[in-house]
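Below is one structure, written out as structure tokens; comments come after it.
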Amino acid sequence: MNALRTAHTADLDPAELHEIHALLEAAFEGDFDEDDWDHTIGGIHAWLRDERGVAAHGSVVQRRVQHVGRSLRVGYVEGVAVRADRRREGLGSLVMEALERVIDGAYVLGALSASDDGAALYAGRGWVRWPGRIAALGPSGVVPLPDEEGTTYLRPVAGLPDASEALLFDWRDGDVL
């Protein structure tokens, strides 16, 4: 297996982006649309290749989260997947380690929305499930996101926000989180 690589989206060639996109579509079994892809690009990618191609991937993109009157610069994790034949080998942890290094060095907080399958990986790496309310600042104002409550995990870089106040994420098309 080749070593873990990290690079900004701008430094990936079209063939690499196509291969990463294909991995994500296969790994999420049809539940990865163009909005999800749009959310995955534009930041720092971490990925591993083997003789069959991209075996694991994740990226971190910048988001803004309002909390108690402050706008926080947040490293938001997207597109974490491991090819089916390489799961349970620690590749997801290797990808997350690289993304966490970026978050710890560039953001005040890390955030992600975990699937049931991914929650154990993140919790085991020290990510904390956000116990408070989640909302987004939408085109028409504040939009509560009750379905995201309980699935949002934070990586405290400069401490955890006060959970008695909601996290208000920036708006985007598709799944907001």
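Points worth noting:
- Three-way shape call for region 14-55 based on the alpha-carbon gyration tensor, with the a/c threshold at 1.5: oblate
- Accessible area per residue for region 49-177 is 48 Å², calculated with a 1.4 Å probe on protein heavy atoms, without ligands, DNA or RNA.
- Residue of A158, A56, A111 that the Gaussian network model of the chain assigns the largest fluctuation, springs spanning Cα pairs under 10 Å: A158
- The 3J(HN,Hα) values that the Karplus relation (6.51, -1.76, 1.60; θ = phi - 60°) gives for region 116-121 are, in residue order, 4, 5, x, 4, 5, 4 Hz. Gly and Pro appear as x.
- Phi to ³J(HN,Hα) by Karplus 6.51 cos²θ - 1.76 cosθ + 1.60 over region 161-169, Hz, x for Gly, Pro: x, 5, 6, 6, 10, 5, 8, 10, 7
- Dipole moment magnitude, nearest 20 debye, the chain about Cα centre, only Lys, Arg, Asp, Glu C-beta charged: 820
- Structure-based [θ]222 nm, the chain - -39500 (n - 2.57) summed over DSSP H runs of at least 4, per residue, nearest 500: -8000 deg cm²/dmol
- Within the accessible area of region 42-177 (1.4 Å probe), percent carbon and sulfur: 47
- The modelled label-to-label distance between Q62 and D31, using points 7 Å beyond Cα along the C-beta direction, is 3.1 nm.
- Residues of region 1-34 with amide N under 11 Å of the 7 Å Cα→Cβ point at E51: 1
- Take the Cβ atoms of R101 and S71, set R0 to 30 Å, and the FRET efficiency comes out at 0.80.
- Couplings 3J(HN,Hα) of region 55-62, computed from phi: 9, 7, 8, x, 9, 10, 10, 7 Hz, in residue order, whole Hz [Karplus 6.51 cos²θ - 1.76 cosθ + 1.60, θ = phi - 60°; x for Gly and Pro].
- Simple spin-label estimate for A158 and S115 gives 3.3 nm between the two label positions (7 Å along the Cα-to-Cβ direction from each Cα).
- Whole-Å distance, taken between Cα centres, linking region 71-102 and region 7-23: 16
- The Rg/Rh ratio for region 44-92, using Cα coordinates for both the radius of gyration and the Kirkwood hydrodynamic radius, is 1.20.
- With the Kirkwood sum run over all distinct C-alpha pairs, region 83-177 has a hydrodynamic radius of 14.5 Å.
- Close amide-amide hydrogen proximity is noted between G42 and T9, each under 5 Å apart and 5 or more residues distant or on a separate chain (H modeled in the peptide plane; Pro and chain starts excluded).
- When region 62-114 is reduced to its Cα atoms, the Kirkwood hydrodynamic radius in Å: 12.4
- Whole-angstrom Cα spans of the chain along principal axes, big to small: 49, 31, 29
- Shape of region 1-89, Cα gyration tensor, a/c cut at 1.5: prolate
- Antiparallel %, DSSP beta bridges [both residues in region 124-177], to 5: 60
- Tilt relative to the chain, helix 91-106 - C-alpha long axis, 0 to 90 degrees, to 10: 50
The values are calculated or read from the model by the stated rules, or taken from the named source; none is laboratory data. Bear in mind that the values here come from a model prediction, so they are computed numbers and not experimental data. Here the Cβ is made from the backbone with ideal geometry for all residues, glycine too, and neighbour counts use every protein chain on show. Just so you know, the surface numbers come from the protein's heavy atoms only, side chains and all, with ligands and any DNA or RNA stripped out. Shrake-Rupley method; radii C 1.70, N 1.55, O 1.52, S 1.80 Å.
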